[in-house]
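Read through the structure below, which is laid out as structure tokens, and then see the notes.
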Amino acid sequence: MNYRITKFDPKKRNKEGHFLDNSEWTAISDIGKPEYKNVNYEEYETTENAYAESVGLILDEKNIQSLKIDSLELYNSYEDFENYKKDGRLQNIEIDFNNEIANLKDETILNSTEVQKMIRLILRETIWMNLISSVLKITFGYDYYMYVECSELSKTTLDKIEKMGLFVEPNIGQRTIIVTDENGNEI
């Protein structure tokens with residue numbers, strides 16, 4: 001089963017599924033911007049916590065103790081992370097770049113505490129990865145979209161996620177963009 005879990009109300013989508021409210025913030029960098037209703041850090045962090053906690057609920061339901069990193073993209077250096085600390089992007093997250101970030105690679109196994117931290121770093125656009133197990137896959141798209149592939153989630157878990165202010169849309173997976181050349185061949 002595929003789930004799209006987001007902060008975006010499906011009632012604000014058109015029939016093609018595009019979200020229509022351009023005043024919704026979509027990144028930590030939107031904090032304080034008037035065009036995004038001057039979202040503050042506390043509001044941002046409340047939503048980020050809901051995403052991380054929703055993954056915790058799913059892991060608990062599926063009795064999963066750890067997830068593996070897949071498709072890691074790490075473009076930032078120690079200096080970048082130091083700058084993230086200075087500009088507030090890493091507020092309320094303790095990061096030791098050399099011990100927690102520099103050594104990350106595909107196939108690294110993360111415990112539930114590490115998973116929670118990685119989700120926050122992904123949402124804060126400092127790293128990117130998929131998180132997988134044999135029965136679960138968590139991916140992130142642009143603009144604060146999270147996708148979960150697993151067996152059907154219980155109504156109890158879905159209700160708890162929605163009580164945190166997120167929307168769970170079943171049977172909606174991440175869209176795949178296929179690029180083709182002038183002859184229609186995939187590039």
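Output yes when any residue across the stretch 147-154 is hydrophobic (A, V, I, L, M, F, W, C), over 17 Å from D60 (Cα atoms) and either at pLDDT 95 or above or over 17 Å from the mean Cα position of the chain (by Cα) (or both), and no when none is.
no
Is it true that I161 is under 13 Å from I5 (Cβ atoms), part of a helix (DSSP H, G or I) and hydrophobic (A, V, I, L, M, F, W, C)?
yes
Please work out which one of (1) outside any helix (DSSP H, G or I); (2) under 12 Å from the mean Cα position of the chain (by Cα); (3) of a type outside the set (A, V, I, L, M) is the condition S134 fails and give its number.
In the conditions (1) outside any helix (DSSP H, G or I); (2) under 12 Å from the mean Cα position of the chain (by Cα); (3) of a type outside the set (A, V, I, L, M), S134 misses (2) alone.
Here's the yes/no breakdown for (1) within 26 Å of D96 (Cα to Cα); (2) touching a Gly at 6+ places or on another chain (Cβ under 9 Å); (3) among the aromatic types (F, W, Y); (4) buried (at least 18 other Cβ atoms within 10 Å of the Cβ):
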{"residue": "I122", "(1), (2), (3), (4)": "yes, no, no, yes"}
{"residue": "W128", "(1), (2), (3), (4)": "yes, no, yes, no"}
{"residue": "S134", "(1), (2), (3), (4)": "no, no, no, no"}
{"residue": "I138", "(1), (2), (3), (4)": "yes, no, no, yes"}
{"residue": "M146", "(1), (2), (3), (4)": "yes, no, no, yes"}
{"residue": "E149", "(1), (2), (3), (4)": "no, yes, no, no"}
{"residue": "E152", "(1), (2), (3), (4)": "no, no, no, no"}
{"residue": "K155", "(1), (2), (3), (4)": "no, no, no, no"}
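Looking only at the stretch 45-58, decide whether some residue is touching a Cys at 6+ places or on another chain (Cβ under 9 Å), within 23 Å of I161 (Cβ to Cβ) and modelled with pLDDT of 95 or more.
yes
So the check is Cβ under 9 Å with 6+ separation or different chains; which pairs have a first residue in the stretch 159-179 that's surrounded by 14 or more Cβ atoms within 10 Å (Cβ to Cβ) and of a type in the set (A, V, I, L, M) and a second one that's part of a loop (DSSP other than H, G, I, E, B) and modelled with pLDDT under 95?
Note: pairs meeting the criteria are I172/G17.
Within the stretch 56-87, count every residue that is of a type in the set (F, W, Y) and buried (at least 17 other Cβ atoms within 10 Å of the Cβ).
Number satisfying all stated conditions: 2.
The values are calculated or read from the model by the stated rules, or taken from the named source; none is laboratory data. This one's a predicted model, so the numbers in the text were calculated from it and none came from an experiment. All Cβ positions, glycine included, derive from the backbone under ideal geometry; neighbour counts span all protein chains shown.
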